[in-house]
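Here's the structure we're looking at; comments come further down.
The values are calculated or read from the model by the stated rules, or taken from the named source; none is laboratory data. In this text, all values refer to a predicted model and were calculated from it rather than measured experimentally. When we count neighbours, we look across all protein chains shown, and the Cβ atoms used for this are built from the backbone with ideal geometry, even at glycine. Calculation scope for accessible area: heavy atoms of the full protein, side chains included, ligands and nucleic acids excluded. Shrake-Rupley method; radii C 1.70, N 1.55, O 1.52, S 1.80 Å.
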Amino acid sequence: MFTNLEDHGGNFRNILETEFSNAQNVQIASGYASLDLIQDFSGRFRNIASQGGNAKLLLGMAFYEGLGKKKLDAVNKLHSELNSINKNSGVYVTNGRRYHGKVYRFYDEHSSKVYVGSSNFSFNGTRGNIECTVPVVDETQRAQVIHFLNDLYSNYSIPIDHAEIMVPGKENAFSKKVEQAWKSIQTYDTATIDRHSLPYFDLNLEHVVKKEKSSLNVYFGKGRLNNKTGKIAPRPWYEIEIIANKDINSLEIYPKGDFLAYTDDGYVLPMRTQGDYNKNIRSKKSLQIFGIWLKGKLEHNGALKKYEPVTLDVLEEYERKSLRLHKISEGNYFMSF
């Protein structure tokens, strides 16, 4: 056991130093990595690759949360160097789901050493924080972890040079086209609508967010190919739609096709329902318009941080778990959240 405490196994960094020196191959899959460790161990990754071994590093959260410019430059450089030496080596990111685990494997043709725990490939993970990382000694469990690790690299990850990784603080949350569309959204005086006598229905968002990669969290699904860069990028952060179940979309007051949503904060959003039974509720000009409004409310409230999923905890922090639509007239609704 290695906890970064002297009385409980000491620093995990010491284990990394030893294992890198002896290993013929290395696979590391970590949620996060720090710039200093990437720089400190780049030479050792290259040494393993140059001696005919596989040297792989996976960053599990980078595709969706981005990397600082210096760190991105460092991992791109490392990937290029490793891949030029050995096509089976390089730096990878997960695509389709975020990966938050921490697994370290050092191996040759005869044996494998595997460590699993809480230690990210970072200064804090290997030295600064109190962590708990242990060697996997049971042969059956070790084989299962190795199988998982290989599957993670093969089926859930892409080389970092195939991915469009954002640099936080420098990216645009939505494109200029969508930004212009949002700026063109009409506004109105909310006092002109008395909704208290209007019929309404509620869309239960608690049910939606419990589903993996729900329609509010499509950002965390598999990315799309950017035809301009030739790289895979996450779907737009504000892209959402809401799926209404049969109990809702069969209601007489449920909108069918195009409609206008007069929001509780004074916007007039062009909306539409489409798909089987008109179950998909989305904004008309762009799927992001609806998301700018709904996710924007969560962000402005402080319940949601950009590039984090909308969860039940987020809705509880916001103190609202449903979206309500009052029918004003045919094709016109008052929408509150």
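Here are some notes:
- For the chain, carbon and sulfur atoms together expose 45% of the accessible surface, with a 1.4 angstrom probe and every protein chain in place.
- Electrostatic dipole magnitude of the stretch 56-179 [Cβ: Lys, Arg +1; Asp, Glu -1; Cα centre; debye, to 20]: 380 debye
- Residues within the reach of a label modelled at H196 (point 7 angstrom out along Cα to beta-carbon, backbone nitrogen below 18 Å), restricted to the stretch 323-337, are 326-328, 334-336.
- Alpha-carbon centroids, the stretch 245-302 and the stretch 1-43: separation in whole Å: 48 Å
- For I232, nonlocal amide neighbours, meaning residues 5 or more places apart or on other chains whose placed amide H falls under 5 Å from its own, are A163, E164, N226.
- Working from Cα pairs under 8 Å separated by at least six residues, relative contact order for the stretch 1-132 is 33 percent.
- Accessible surface calculations at 1.4 Å, restricted to protein heavy atoms, place the stretch 15-156 at 45 Å² per residue.
- In this Cβ point-charge picture (+1 for Lys and Arg, -1 for Asp and Glu), the stretch 128-246 has a dipole of about 520 debye about its Cα centre.
- Once both labels are positioned 7 Å from their Cα atoms along Cα-to-Cβ, the gap between N332 and V167 label points is 4.9 nm.
- Probe 1.4 Å - accessible area at K211, Å² to nearest ten: 120 Å²
- Computed over the chain with a Gaussian network model linking Cα atoms closer than 10 Å, the most mobile of L198, L325, L59 is L198.
- Applying 1/(1 + (r/R0)^6) with r as the Cβ-Cβ distance of H207 and T187 and R0 = 35 angstrom yields a FRET efficiency of 0.70.
- Where Rh is the Kirkwood radius over Cα pairs, Rg/Rh for the stretch 1-129: 0.95
- Integer Hz, Karplus 6.51/-1.76/1.60 couplings in order for the stretch 43-51, x for Gly and Pro: x, 6, 4, 5, 4, 5, 5, 5, 8
- Loop-resident sites, the stretch 207-275, for GluC sites (Glu not before Pro), counting at most 10 other Cβ within 10 Å (DSSP): E212, E252
- Under 5 Å, built H, 5+ apart or other chain: amide partners of N332: L260
- Under 19 Å of direct C-alpha separation, and excluding same-chain neighbours fewer than eight residues apart, K183 reaches these lysines: K284, K285, K295, K297.
- Residue of Q141, Q288, Q24 that the Gaussian network model of the chain assigns the largest fluctuation, springs spanning Cα pairs under 10 Å: Q141
- Sites S118 and L251 - FRET efficiency at Förster radius 30 Å, r taken between beta-carbons, to 0.05: 0.05
- Computed accessible area, K113, all protein chains, 1.4 angstrom probe, square angstrom: 110 Å²
- Of the listed residues S80, S34, S119, the order by accessible area with a 1.4 Å probe, largest first, is S80, S34, S119.
- For T192, the accessible surface of its heavy atoms amounts to roughly 100 Å² (probe 1.4 Å, protein chains only, rounded to the nearest 10).
- Lys/Arg +1, Asp/Glu -1 at C-beta; the chain dipole; positive extreme among L323, S336, I193: I193
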